[in-house]
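See below for the structure under consideration.
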Amino acid sequence: MTTRDLRRQDVVITGPKALSYAEMADVIGAAIGKRIRYVPISDAEASFGSDAYAKAVTDIWRAIREGRVATATDAVQRMCSSLCGV
């Protein structure tokens, strides 16, 4: 990034729509012409390693299952507008 507006900023770049992992698998599968399936696992299946690591992993996947991390941003439009002076 060369514009001063974006220096030292964390920019979350997403597509235009928030997708679930199952939807992402469908989109990728359609693009490559193969069936891809997302298979969710339980907290117990995801729990391995140290207690702290297992808790972190299960907390992340629980948030994903609950849709708390599925977001779409306008970062690409903002960056393009900023870079193009629009």
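The values are calculated or read from the model by the stated rules, or taken from the named source; none is laboratory data. Everything numeric here is computed off the predicted structure, so don't read it as measured data. As a convention, Cβ positions derive from the backbone with ideal geometry for all residues, glycine included, and neighbour counts pool all protein chains shown.
Structural remarks
- Looking across the range 31-57, the residues that are modelled with pLDDT under 90 and either hydroxyl-bearing (Ser, Thr, Tyr) or within 17 Å of residue 19 (Cβ to Cβ) (or both) come down to 40, 42, 47.
- Qualifying residue in the range 2-10 (condition: closer than 22 Å to residue 76 by Cα, among the hydrophobic types (A, V, I, L, M, F, W, C) and out of contact with any strand residue (DSSP E or B) (no Cβ under 9 Å at 6 or more places or on another chain)): yes
- Answer residue from the range 26-41, given it is closer than 21 Å to residue 61 by Cα and of a type outside the set (Val, Ile, Thr) and is surrounded by the fewest Cβ atoms within 10 Å (Cβ to Cβ) among those: 37
- Residues located in the range 26-41, provided they are in contact with a Phe, Trp or Tyr (Cβ under 9 Å, 6 or more places away or on another chain) and either of a type in the set (Lys, Arg) or assigned to a loop (DSSP other than H, G, I, E, B) (or both): 38, 40, 41
- Single residue of the range 42-86 satisfying the filter (of a type in the set (Phe, Trp, Tyr) and assigned to a helix (DSSP H, G or I)) that is nearest to the chain's Cα centre (by Cα): 61
- Contact map, the range 4-25: first residue assigned to a helix (DSSP H, G or I) and surrounded by 11 or more Cβ atoms within 10 Å (Cβ to Cβ), second residue of a type in the set (A, V, I, L, M) and modelled with pLDDT under 75, Cβ cut-off under 9 Å, separation 6 or more or different chains; pairs are 5/83; 6/83.
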